[in-house]
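Here's the structure we're looking at; comments come further down.
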Amino acid sequence: MTLLYARVSSHDQKADLARQVALLESFSAANGWNYEVLQDLGSGLNYHKKGLRLLIKRICSNEVGRLVITNKDRLLRFGSELVFALCEHFGTEVVVINASEDAIFEEELVQDVLEIITVFSARLYGSRSHKNKQVLDALRDA
């Protein structure tokens, strides 16, 4: 069976998710493949996404003959090579539609650093926001 996997980082990118799925489906239909679609909404650094976990489980259960993605970074920001190694071990073919458009090393490095900064910023400011809310609530209750 062919498994199509699409992912975007945020709700603001839902239109891009639909475009990814449409491209994956068109590509697979043009090749005459029967397929199933898995979609995720979340950071490429999050390894606990429901679709990703199901994808890995199905690869390791020898249920996937082919994995199709639009770009390598749609799978994971870091660690996609591990998933590709699992695919190789379990005999799953990997098709990256836009493989020729994947960023060169320096661009990937810049993207990775920006993603790390974004994650840490969100955690830092989220933590501060929660603490500030607690202080404001305590002041209101006083």
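The values are calculated or read from the model by the stated rules, or taken from the named source; none is laboratory data. Only a predicted model underlies this, so the values are computations on that prediction, with no experimental measurement involved. Don't worry about glycine lacking a Cβ; one is built from the backbone with ideal geometry, like all the others, and counts go over all protein chains shown.
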Can you confirm whether Glu101 is under 26 Å from Thr2 (Cβ atoms), loosely packed, with under 15 Cβ neighbours inside 10 Å and modelled with pLDDT under 85?
yes
Give region 55-79 a look and list any residue that's crowded, with 18+ Cβ neighbours inside 10 Å and of a type outside the set (Lys, Arg), or say none.
Leu55, Ile59, Val64, Leu67, Val68, Ile69, Thr70, Asp73, Leu75, Leu76
Here are some conditions: (1) modelled with pLDDT under 75; (2) among the polar types (S, T, N, Q); (3) in contact with a helix residue (DSSP H, G or I) (Cβ under 9 Å, 6 or more places away or on another chain). Ser129 meets all but one. Which one does it not meet?
(3)
Kindly list the number of the only condition in (1) touching a strand residue (DSSP E or B) at 6+ places or on another chain (Cβ under 7 Å); (2) in contact (Cβ under 8 Å) with a residue 12 or more places away in the chain; (3) not hydroxyl-bearing (Ser, Thr, Tyr) that fails for Asn62.
(1)
If Asp12 meets every condition in (1) without any contact (Cβ under 8 Å) to a residue 40 or more places away in the chain; (2) surrounded by 13 or more Cβ atoms within 10 Å (Cβ to Cβ) apart from one, which number is that one?
(2)
Tell me, yes or no, whether region 16-30 has at least one residue that is closer than 22 Å to Leu82 by Cα, in contact with a Phe, Trp or Tyr (Cβ under 9 Å, 6 or more places away or on another chain), surrounded by fewer than 17 Cβ atoms within 10 Å (Cβ to Cβ) and without any contact (Cβ under 8 Å) to a residue 60 or more places away in the chain.
no
Identify, by number, the condition in (1) hydrophobic (A, V, I, L, M, F, W, C); (2) buried (at least 16 other Cβ atoms within 10 Å of the Cβ); (3) at pLDDT 95 or above that Phe84 doesn't meet.
(3)
